[in-house]
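See structure below.
Bear in mind these aren't lab numbers, they're just calculated from the coordinates by the rules spelled out. Quantities reported herein were computed from a predicted structural model and do not represent experimental measurements. Reconstructed Cβ throughout: ideal geometry from the backbone, glycine too, with neighbour counts over all protein chains shown.
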């Protein structure tokens, strides 16, 4: 595994998010409950950004567009296309459940590193 330094730790205060580019990928950093998560900044349903998604008490990020939710630790979906009501089931037939990529993180010498 390659560890890549992305930003200084103080650039990501608690409960904040930041998008970084790593090897042509858009990676969302989330500082939640004293842990730093790194995940693909793209919902697999329609490739829309996750940066503004709500973080649940259970530790999932919810897509702000169609409300699919993904576990911050594993990237696995915990909900799949729950919005808009009525046509969400049809949309779910077009796009099957899919996890998002997550990446290990560590803090070293005041910097956040992502394993790719």
Helix-only CD estimate at 222 nm, as mean residue ellipticity for the chain, using -39500 (n - 2.57) per DSSP H run (n ≥ 4) = -1500 deg cm²/dmol
Report the extension gain between residue 101 and residue 1 in nm, rounded to one decimal, defined as 0.36 nm multiplied by the number of residues separating them, less their alpha carbon distance.
-> 34.5 nm
Length added when fully stretched, residue 34-residue 16, from 0.36 nm per residue minus Cα-Cα = 5.4 nm
Measuring from label point to label point, each 7 Å out along Cα→Cβ, what is the residue 26 to residue 116 span in nm?
-> 1.5 nm
P(r) tail for the chain, what percent of Cα pairs lie past 23 Å?
-> 29 percent
